[in-house]
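The values are calculated or read from the model by the stated rules, or taken from the named source; none is laboratory data. Treat the numbers as computed from the prediction; the structure is a model and nothing was measured. When we count neighbours, we look across all protein chains shown, and the Cβ atoms used for this are built from the backbone with ideal geometry, even at glycine. When the accessible area is computed, the model is the full protein with side chains, heavy atoms only, and any ligands, DNA or RNA have been set aside. Shrake-Rupley method; radii C 1.70, N 1.55, O 1.52, S 1.80 Å.
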Amino acid sequence: MTALTSSRLFFAPHRKSCTSDQRALHLTHETSTHLYLIYCQSLFAWLQFFLCAHASAAAQLTPLIERSKLMDTIKFSTASLLTALLLTTSSFAVSYDAPSNYYNNATSTGSTLKSQLRQIMTSGHRPTSYDDLKYSARYTDTDPNNPNNMLLIYNRASNKSSWDSAKTWNREHIWPQSKQSSGSNKSDQHALRPCNPGLNSSRGNLTFGGTYGSSMGRHGSYWYTGDADAGDVARSLFYSATRYSHLSLGESSGSNKMGKLSDLIQWHYLDTPDEFELRRNHAVYGGAVDNYRGGTYINPEAQNNRNAYIDRPEYAWSVYMDQQNDTQLYFGSSAQSNGSSTLDVNFGRVIKGATGVNTSYAALLNKKGNDGTYYEVKADANVQSSVNGRYNAFAMNKNGNKSINVSLDADTNTAGKYRGSLVVDNLDVTTQGGNGRGANDGNDSVNLELTVVENATASFDARDEQQGLVIDFGDIKQNILAQQSFEIYNYTASAFTAHLDLDSILSGGDSDMFDIDLATFKNLEADNSNTFTAALDTDQIGELEAQYILNFSNEDLPGSANEHSLFLTVKANVISAVPEPASLALFGLAGVILASRKRNR
């Protein structure tokens, strides 16, 4: 802690006394001096030397800055300089998520949920001044395509971010000042946006309303934000009417009241939070955000609270509509009684080494019900999805569907079974919509599977690769039936092996003398066999031999055909089955006797 203590001592002499609305060293372009520039340069050089000499200091100082301890004593120029140096040094990872426990106490619904969210968004909130937006907007509303600029509300024009005394931009109160009594919402960064002065004047204090898809601007007595800001404005108003108990939303506007709620809630589902809005929420809170220059920085005017309706847009229906959300999401033709559904997609089997294998599928997610809802999509690490995260929504007043393109990552050079899943969760929190509706809607899943198999191997032996077989009947008598069976195996050394096809049989030699019941076959599974019989029954005497070539391949799958052969030889020595006749033997003996008698005469 020595380095950390030293850093505090270094900055202590530079503190000034400050009012509640203006913290120390509130330097603007108008008040920047040559002396201050020299100070900044010296500070930068000191920090660079200090952090190089004490590597652990970056790890200690970065959390300090994130908690905005230094922001109370150093204004944007010095603070951003320090922040940029430290975050670059400490390799900060950008995330726009709320802390994991931030909404732990948001456990109920309706008015109770609203009270819980008010407490969450009030706790730790450090109100900022109206003037602070002059300097915070460059951090909160940064143009990602031009980091020197910021994006203005309504027309999303890219405008220089330095404060120019309202010549090219000013500060728009989303909740008009004339429609709210005194309070911190007038200077709350969640409720203020940089705006073109002409558009700010044109909008005046008009109530928000209109049809999504309309042109930006005035429509009768309503102001339409433009599609890009419709949801952003709705969620800003949801925040204000929750964070500040004296404000409310309705169908019309008046003192401390804004509308048009029925349009705002529709915009909420039609224009979901995008990266710009998520980043802005995180910047107002005080988290590190992408500076679009290869690094990160922290808003020096951070107010240390978040807009719950950006982080958790599913709360809006329960807080501002009712507790009977009727939405049900499902894959396939229908859902189970609890709202869940399962879609199994089997891409089949391919041979190891196959290329161009299709492992993609367009899964159609259906929504039933008239209400709107947000849903979260989570995919396994080996599943790619065109839709991800929790900022996805179905609009109100109609059924709907969304095609989600999913694909399974599989190594086709390695045999095995590859599986992956995608799960969709209806995020609505209301429980009174019925079984399988709203918060009672069960999760929906898509299960993907692909099997990569080794080449099939034909063999005459179950335990080894045996490519040749000789069946020798030996000496057999003619016209005597001789038989011998043999087996052809789909030999495998792997649990994942292709099926075996016997495609053709070629024969030669004395094959017409043998009777073999060989026949082509398909899809002999691994570790299985087919049994055949070789037989001989002939009256032809002599040595016989027949040769057979059996041609095999893998089952019909994408990948190698794996053509290979087995060789079968069948032979026999056929001998006479007829013994020497007895009459001939007697005739021979009689001749000997007769000859003997003649000699004796």
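Considering region 390-429, the residues that are open to solvent by 30 Å² or more (accessible area, probe 1.4 Å) and aromatic (F, W, Y) include one that is nearest to I265 (Cα to Cα), namely Y391. So which strands (runs of 3 or more DSSP E) stay within region 179-272 end to end and still have 2 or more residues that are open to solvent by 30 Å² or more (accessible area, probe 1.4 Å)? In region 179-272, 217-219 are the strands (runs of 3 or more DSSP E) which contain 2 or more residues that are open to solvent by 30 Å² or more (accessible area, probe 1.4 Å). Each residue in region 313-356 was checked for being in contact with a Pro (Cβ under 6 Å, 6 or more places away or on another chain) and either within 22 Å of V446 (Cβ to Cβ) or free of Cβ contacts under 8 Å to residues at least 40 places away in the same chain (or both), and 1 pass. Residues of region 254-285 that are within 15 Å of T225 (Cβ to Cβ) and among the small types (G, A, S): G259 alone.
Summed over region 140-150, residues that are buried (at least 18 other Cβ atoms within 10 Å of the Cβ) and over 29 Å from the mean Cα position of the chain (by Cα) total 2.
For region 533-566, filtering for residues that are within 19 Å of D510 (Cβ to Cβ), open to solvent by 40 Å² or more (accessible area, probe 1.4 Å), of a type outside the set (S, T, N, Q) and in contact with a Ser or Thr (Cβ under 8 Å, 6 or more places away or on another chain) leaves 3. For region 117-139, a residue qualifies if it is surrounded by fewer than 22 Cβ atoms within 10 Å (Cβ to Cβ), assigned to a helix (DSSP H, G or I) and among the basic types (K, R), and exactly one does: R118. When residues in region 328-372 are screened for being more than 17 Å from A393 (Cβ to Cβ) and part of a strand (DSSP E or B), 16 of them pass.
Do we find a residue being modelled with pLDDT of 95 or more, closer than 23 Å to A456 by Cα and among the basic types (K, R) anywhere in region 562-579? Checked against the condition, which is being modelled with pLDDT of 95 or more, closer than 23 Å to A456 by Cα and among the basic types (K, R), region 562-579 yields no hits at all. Residues that are among the aliphatic types (A, V, I, L, M) and under 60 Å from the mean Cα position of the chain (by Cα) within region 538-552 comprise I549, L550, listed in sequence order. Scan region 421-443 and give yes if some residue there is assigned by the TED database to the domain that holds G559 and among the basic types (K, R), otherwise no. Checking region 421-443: not a single residue is assigned by the TED database to the domain that holds G559 and among the basic types (K, R).
Looking at region 462-505, which of its residues are among the acidic types (D, E) and surrounded by 19 or more Cβ atoms within 10 Å (Cβ to Cβ)? Selection gives D501 alone.
For region 362-387, a residue qualifies if it is of a type in the set (A, V, I, L, M) and within 21 Å of I310 (Cα to Cα), and the qualifying residues are V377, V387. Looking only at residues of region 430-458 that are charged (D, E, K, R) and assigned to a loop (DSSP other than H, G, I, E, B), we find that the one that is most open to solvent (accessible area, probe 1.4 Å) is R437. Filter region 373-389 down to residues that are touching a residue at least 40 places away in the same chain (Cβ under 8 Å) and within 11 Å of the chain's Cα centre (by Cα) and give me whichever is most open to solvent (accessible area, probe 1.4 Å). Filtering region 373-389 for residues that are touching a residue at least 40 places away in the same chain (Cβ under 8 Å) and within 11 Å of the chain's Cα centre (by Cα), the one most open to solvent (accessible area, probe 1.4 Å) comes out as K378. Taking residues in region 222-234 that are closer than 17 Å to D311 by Cβ, and partners anywhere that are part of a helix (DSSP H, G or I) and of a type in the set (D, E), the pairs with Cβ atoms closer than 9 Å and at least 6 places apart or on different chains are G231/E277; D232/E277; A234/D263.
R279 falls short of the stated requirement of being touching a strand residue (DSSP E or B) at 6+ places or on another chain (Cβ under 7 Å), more than 27 Å from G434 (Cα to Cα), open to solvent by 10 Å² or more (accessible area, probe 1.4 Å) and not hydroxyl-bearing (S, T, Y).
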